[in-house]
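All of the numbers you see were taken from the coordinates with simple rules; none came from a lab. Predicted model only: the values in this text are computed from it and were never measured. Cβ sites come from the backbone with ideal geometry, for glycine too, and all protein chains shown count toward neighbours.
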Amino acid sequence: MIQDLQERKAQARRVVRQLKKDYAGAECALNYETPFQLLIATILSAQCTDVRVNIVTKELFAKYPDADTMSRAPVKTLENMVKTTGFFRNKAKNIHAASQAIADEFDGEVPQDLATLVALPGVGRKTANVVLGTAFGIPSGIVVDTHVGRLTWRMGLADKGDAVKVERELMEVVPKKEWIDFSHRLIHHGRAVCAARKPKCEGCHFLKFCPQIGVK
């Protein structure tokens, strides 16, 4: 990580500008129609690809489109429907319990504040940030997934470590108005160019200012 705070802020500005140029239209890759559906899809996306989640939620949301219907679904049925996303027993239990809480305590509407969201079963800070930013346009924090963690380390914006620590370091240097789009755009860049094993550094638009930390 670039140690000087002012230089790290300058680096963040360079990254943000290039992301805007290359991925101006980047959006969340998960399919959803409501904040509730985005919440469930994000819970299912843990340790699973967005492509697989979208396949699973197409059938899941057709049958259980909202918190009320999802809360009344048998957990075993949910297990079978989300099995291919991995860790399916825990995910089914969490989406069922979260749906019950939303239906019973919040009249079926997803809460719009971070503290209330992370108190729901299966909802961590990353999931809450996704829902608040993408569904409600509320910049509660910066979503840190494997792509964001890898790229911001390579670019000198954050140290390699747990997501909460990385997020705190990024919030220090990335302007708040950019928090929501920053993650979406970085994720697209991570998939298209800056892969984990073989990053396509040649021809990358970030090469001129990327320190390529950890890249062999």
If the chain between Ala29 and Gln3 were fully extended at 0.36 nm per residue, the gain over the current Cα-Cα distance would be 6.1 nm
Checking the table Lys9/Lys198; Lys177/Lys200; Lys9/Lys91 against a 31 Å threshold on Cα-Cα, which pairs fail? Lys9/Lys91
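Quick one: length gained pulling Lys93 to Lys20 fully straight, 0.36 nm per residue minus the C-alpha distance?
Length difference between fully extended and current span is 22.4 nm.
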Amide H contacts under 5 Å for Ser45, restricted to residues at least 5 apart in sequence or on another chain and with H modeled in the peptide plane, are none
Helix-only estimate, please: 222 nm mean residue ellipticity of the chain, summing -39500 (n - 2.57) across DSSP H runs of length 4 or more and dividing by its residues, to the nearest 500. -16500 deg cm²/dmol
Between helix 88-105 and the chain, what is the angle of the helix's C-alpha long axis to the longest principal axis, kept within 0 to 90° and rounded to the nearest 10? 70 degrees
Would you mind classifying segment 35-136 by shape? Square roots of the alpha carbon gyration tensor eigenvalues, ordered a ≥ b ≥ c; an a/c under 1.5 is rounded, otherwise it is prolate if a/b is larger than b/c and oblate if not. oblate
Centre separation in Å (Cα based) which lies between segment 88-136 and segment 1-76: 13 Å
Can you list the aspartates and glutamates whose alpha carbon sits under 13 Å from that of Lys160, skipping same-chain ones fewer than 8 residues off? Asp145, Glu169
Compute the label zone of Arg197 within segment 48-73: residues whose backbone N is under 20 Å from the point 7 Å along Cα-to-Cβ. 48-52
